[in-house]
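The values are calculated or read from the model by the stated rules, or taken from the named source; none is laboratory data. Predicted model, so just to flag it, every value in this text is computed and none were measured. Every residue, glycine among them, receives a Cβ derived from its backbone with ideal geometry; neighbour counts consider all protein chains shown.
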Amino acid sequence: MAGFLPKSGAESTGYRGLVGPLLLPTWVMVGVFLVIPVALMAIYSFLTKEFRGGVIWDFTLAAYDQFFFNRGLFGDEPPSIEWTYIAIFWRSVWQAGVATLLCLAVGFPTAWFIATRPAAQRGVWLFLVTVPYWVNLLIRTVSLKFLLRDNGPLNGSLMSLGLIDGPLPLVNTDLAVQLGLFYSYLPFMVLPIYAAVERYNFALSEAAADLYASRWVTLREIVLPVVRPGIVAGCILVFVPSLGAFLAPDLLGGAKTFMIGSLIDEQFKGSQGNWPFGAAVSMILMTLVMIVLILYARAQAKAERRS
């Protein structure tokens with residue numbers, strides 16, 4: 001192993017000189033599949049919609065104005081706040097937040113259970129958690145809709161047991177959308193928390209028990225602060241994709257459960273889509289997410305400096 005470690009400053013400088021060429025493929029991938037698409041989306045958000053579809057290369061703020069203000073059918077009325085899109089945006093935040101809480105409520109005990117199994121069994125449990133991701137998200141969402149529909153297995157089982165007299169209207173409801181988001185992104189919560197719990201020193205819990213601390217006090221004062229980075233990472237990994245999801249709202253929800261991802265998706269469908277408006281909504285969504293992540297990163301940096 002020692003033969004792979006630099007033995008002098010000159011050798012260390014030589015190793016650092018290899019970092020740039022080795023990272024070149026990564027930078028190319030990031031540029032082609034992240035920077036360029038986001039830049040194109042930002043440019044399109046300032047263009048003008050062409051009447052027959054597509055865009056006109058005439059830069060304007062009309063797409064952003066359409067999101068925030070209502071100027072009437074012909075655009076000649078005094079501007080008023082456009083609550084329709086703001087309500088859709090708020091509904092998306094609320095749905096994503098509820099889905100994140102559901103995933104946390106189930107994901108934390110699941111991750112704790114897996115991390116406390118014998119080492120030989122953990123791989124099996126992790127395998128079971130990730131098995132659903134072997135199937136396409138569209139197929140999984142359609143399967144969930146089949147399960148929840150009026151004549152589906154869930155309602156059929158409840159009626160056969162005599163628990164309900166008629167089928168429960170589960171599809172096209174907020175509950176169905178939340179279940180779809182929960183089902184889609186639960187592993188994103190389990191895996192980061194599992195990684196944090198696996199590194200947890202259980203001797204701390206034993207020491208707390210020796211000092212007559214209750215299980216609740218041990219969980220609140222010792223366990224949660226230690227595994228908090230995993231919890232926060234899991235919440236971010238669930239909340240962000242849930243915020244922009246469109247499969248679950250489209251297939252499991254209805255007009256009353258329309259979310260921001262569905263709104264963006266509609267703008268790029270067919271020849272009558274509004275590409276600049278769809279791009280503007282995408283940029284607004286991305287900006288909100290980036291602001292939240294930056295604020296969290298700053299809070300974390302301050303907390304680390306204090307500690």
Can you tell me which residues in region 36-58 are part of a loop (DSSP other than H, G, I, E, B), surrounded by 14 or more Cβ atoms within 10 Å (Cβ to Cβ) and among the small types (Gly, Ala, Ser)? SER45
Residues that are of a type outside the set (Val, Ile, Thr) and under 19 Å from the mean Cα position of the chain (by Cα): does region 147-162 have at least one? no
Search region 109-139 for residues being touching a Leu at 6+ places or on another chain (Cβ under 9 Å) and surrounded by 13 or more Cβ atoms within 10 Å (Cβ to Cβ), and hand back the single one that is nearest to ILE193 (Cα to Cα). ALA111
Based on what the data block shows, is ASN136 farther than 30 Å from VAL227 by Cα and touching a residue at least 12 places away in the same chain (Cβ under 8 Å)? no
Residue pairs, Cβ under 6 Å, 6 or more apart or interchain, first in region 37-62 and within 20 Å of MET286 (Cα to Cα), second in a loop (DSSP other than H, G, I, E, B) and modelled with pLDDT of 90 or more. List them. PHE46/PHE59
Residue list for region 273-307, filter: charged (D, E, K, R) and in contact with a Gly (Cβ under 7 Å, 6 or more places away or on another chain): none
Can you find even one residue in region 170-188 that is surrounded by 18 or more Cβ atoms within 10 Å (Cβ to Cβ), over 15 Å from GLY107 (Cα atoms), of a type outside the set (A, V, I, L, M) and free of Cβ contacts under 8 Å to residues at least 40 places away in the same chain? no
Scanning region 148-163 for residues that are more than 24 Å from GLN95 (Cα to Cα), modelled with pLDDT of 85 or more and of a type in the set (A, V, I, L, M) gives LEU158, MET159, LEU161
Would region 150-171 turn up any residue that is charged (D, E, K, R) and closer than 30 Å to ILE193 by Cβ? no
One residue is enough: does region 133-143 have a residue meeting the conditions farther than 30 Å from ILE284 by Cα and part of a helix (DSSP H, G or I)? yes
Give region 63-97 a look and list any residue that's in a helix (DSSP H, G or I) and without any contact (Cβ under 8 Å) to a residue 60 or more places away in the chain, or say none. ASP65, PHE68, TRP83, THR84, ILE86, ALA87, TRP90, TRP94
